[in-house]
Amino acid sequence: MKALVYHGPGKQSWEEKERPKIQEETDAIVKITKTTICGTDLHIMKGDVSTVVDGRTLGHEGIGTIEETGKAVKNFRKGEKVLISCITSCGTCDYCKRGMYSHCEYGGWVLGNLIDGTQAEYVRIPFADTSLYHAPAGANEDALVMLSDVFPTGFECGVLNGAVKPGDNVAIVGAGPIGLAALLTARFYSPASIIMIDVDDERLKKARSLGATRVVNSVKEDAEARVKEMTEGRGVDTAIEAVGIPRTFELCESIVAPGGHIANIGVFGEKVDLHMERLWAQNITITTRLVDTVTTPMLLKSLEAGNLHPEALVTHHYQLGEILKAYDTFSHAKETKALKVVLDG
């Protein structure tokens, strides 16, 4: 089969590789129908993720059909269409029993990291019964791919951790795919306003079209002053950080209201100043999280009901064999106006 293989920072190749085989009786082999590229994959390509070794097949998102199952797999059969979770869960360890699948003692984020991933023609899925989901009949396939990672991440790490409630003022710093997923799922809770902050007018325009109440370009405006002006000087009840750089987290610290929440989604590669000289008496809650995908069943039901449209984030399509071109498009998002790039198997 063909797969995208990592060979060190800045080195990747679409090459022939041995097709995966069943290793444990709880495994399934899935033939990939669609996959996508995550910002985390770009971090890997920069050498930021030391656990990814030379020879690893990248990717942790996708949909496909069951090709083969181990004898212990009960919930899936050959030929069934499935959604692949970005998080692998054994379902029985202490962390899994607490709903913290991301910290599963035998799984967690392993696809495209510790084991070969989904940017290939076939992928092996450990613990298939608790790491795959049946795809709803007739569901938009682009939408399904978005439920592998970006939507559970935006929802769980941003909206749920941020305790968004009806009538709240919410600010999302970062209008990339994760921030826009947080925007769409924040609307489940009818906040009074959702303020989107970014440096790219095109992404802010997209945020407007998806339901942002107001937008702020933090290059052209003083974002802190604008948010305070929009909220009668109070600040926001929830500030969601969806970028992963110090200045965006510090902006969240500056715009959160007393009693509010700062919900971090961004992946940070350097330290950030925590301004306790301002926050110590403000009753602020700061949360961090790696996505657990515990909300995937609910998001699938929302998709089936027509209440969620994740496909709105898809801007580009390529064939799976064009994956190097797709990476180039995704890594130059400002010039290409890319949000999510879908690769068709």
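The values are calculated or read from the model by the stated rules, or taken from the named source; none is laboratory data. Everything numeric here is computed off the predicted structure, so don't read it as measured data. For neighbour counting, all protein chains shown are included, and Cβ atoms are generated from backbone atoms with ideal geometry for every residue, glycine included.
Residue count for region 79-112, restricted to those that are assigned to a loop (DSSP other than H, G, I, E, B) and either in contact with a helix residue (DSSP H, G or I) (Cβ under 8 Å, 6 or more places away or on another chain) or of a type in the set (A, V, I, L, M, F, W, C) (or both): 14. Exactly one residue among VAL145, VAL73, VAL110 is surrounded by fewer than 23 Cβ atoms within 10 Å (Cβ to Cβ) and under 16 Å from the mean Cα position of the chain (by Cα), and that residue is VAL110.
Against the definition (of a type in the set (S, T, N, Q), in the same structural domain as THR35 (by TED's automatic domain parsing), part of a loop (DSSP other than H, G, I, E, B) and within 13 Å of LYS31 (Cα to Cα)), how does THR118 come out, yes or no? So that I can check it myself, show each step before the final result.
Values: of a type in the set (S, T, N, Q): yes; in the same structural domain as THR35 (by TED's automatic domain parsing): yes; part of a loop (DSSP other than H, G, I, E, B): yes; within 13 Å of LYS31 (Cα to Cα): yes.
Against the criterion (of a type in the set (S, T, N, Q), in the same structural domain as THR35 (by TED's automatic domain parsing), part of a loop (DSSP other than H, G, I, E, B) and within 13 Å of LYS31 (Cα to Cα)), THR118 qualifies.
Return yes or no: is LYS271 of a type outside the set (S, T, N, Q), farther than 29 Å from LYS97 by Cβ and part of a loop (DSSP other than H, G, I, E, B)? So LYS271 passes the test.
Apart from one condition, GLY138 fits all of (1) touching a residue at least 12 places away in the same chain (Cβ under 8 Å); (2) at positive phi; (3) in the same structural domain as LYS340 (by TED's automatic domain parsing); the exception is (1).
Only one entry in GLY99, GLY39 is farther than 19 Å from ILE125 by Cα, modelled with pLDDT of 95 or more, under 24 Å from the mean Cα position of the chain (by Cα) and not assigned by TED's automatic domain parsing to the domain that holds CYS157, namely GLY99.
Looking at region 88-107, which of its residues are surrounded by fewer than 18 Cβ atoms within 10 Å (Cβ to Cβ) and without any contact (Cβ under 8 Å) to a residue 40 or more places away in the chain? Hits for region 88-107 are GLY91, THR92, CYS93, ASP94, LYS97, ARG98, GLU105, TYR106. Among the conditions (1) farther than 17 Å from THR153 by Cβ; (2) in contact (Cβ under 8 Å) with a residue 24 or more places away in the chain, the only one that THR288 does not satisfy is (1).
Restricting VAL216, VAL243 to those that are in the same structural domain as GLY167 (by TED's automatic domain parsing), outside any loop (DSSP other than H, G, I, E, B) and touching a residue at least 12 places away in the same chain (Cβ under 8 Å) reduces the list to VAL216. Tallying residues that are in contact (Cβ under 8 Å) with a residue 60 or more places away in the chain and among the charged types (D, E, K, R) within region 219-238 yields 2. Looking only at region 270-307, how many residues end up being under 21 Å from ILE197 (Cα atoms), exposed (fewer than 14 other Cβ atoms within 10 Å of the Cβ) and under 24 Å from the mean Cα position of the chain (by Cα)? Residues in region 270-307 being under 21 Å from ILE197 (Cα atoms), exposed (fewer than 14 other Cβ atoms within 10 Å of the Cβ) and under 24 Å from the mean Cα position of the chain (by Cα): 1 in total.
Among the conditions (1) touching a His at 6+ places or on another chain (Cβ under 9 Å); (2) without any contact (Cβ under 8 Å) to a residue 60 or more places away in the chain; (3) crowded, with 23+ Cβ neighbours inside 10 Å, GLU250 misses just one, which is (3).
Scanning region 27-78 for residues that are of a type in the set (A, V, I, L, M, F, W, C) and assigned to a strand (DSSP E or B), which turns out farthest from HIS317 (Cα to Cα)?
So the first thing to find is which residues in region 27-78 are of a type in the set (A, V, I, L, M, F, W, C), and the list is 28-30, 32, 37-38, 42, 44-45, 49, 52-53, 58, 63, 66, 72-73, 76.
Remaining after also requiring assigned to a strand (DSSP E or B): 28-30, 32, 63, 66.
Working: ALA28: 27, ILE29: 24, VAL30: 21, ILE32: 15, ILE63: 15, ILE66: 23 Å.
Out of the qualifying residues, it is ALA28.
Using the structure shown, decide if GLY167 is free of Cβ contacts under 8 Å to residues at least 12 places away in the same chain and either out of contact with any strand residue (DSSP E or B) (no Cβ under 7 Å at 6 or more places or on another chain) or farther than 26 Å from HIS316 by Cα (or both). So GLY167 fails the test. Taking the criterion of being touching a strand residue (DSSP E or B) at 6+ places or on another chain (Cβ under 6 Å) and either free of Cβ contacts under 8 Å to residues at least 24 places away in the same chain or of a type outside the set (S, T, N, Q) (or both), the residues of region 23-36 that qualify are ASP27, ALA28, ILE29, VAL30, LYS31, ILE32, LYS34. Only one of the listed residues (LEU210, LEU160) is more than 23 Å from GLN282 (Cβ to Cβ) and in contact (Cβ under 8 Å) with a residue 12 or more places away in the chain. That residue is LEU210. Of all the criteria given as (1) touching a helix residue (DSSP H, G or I) at 6+ places or on another chain (Cβ under 6 Å); (2) surrounded by 15 or more Cβ atoms within 10 Å (Cβ to Cβ); (3) closer than 23 Å to LEU58 by Cβ; (4) in the same structural domain as THR36 (by TED's automatic domain parsing), the one not satisfied by ILE265 is (4).
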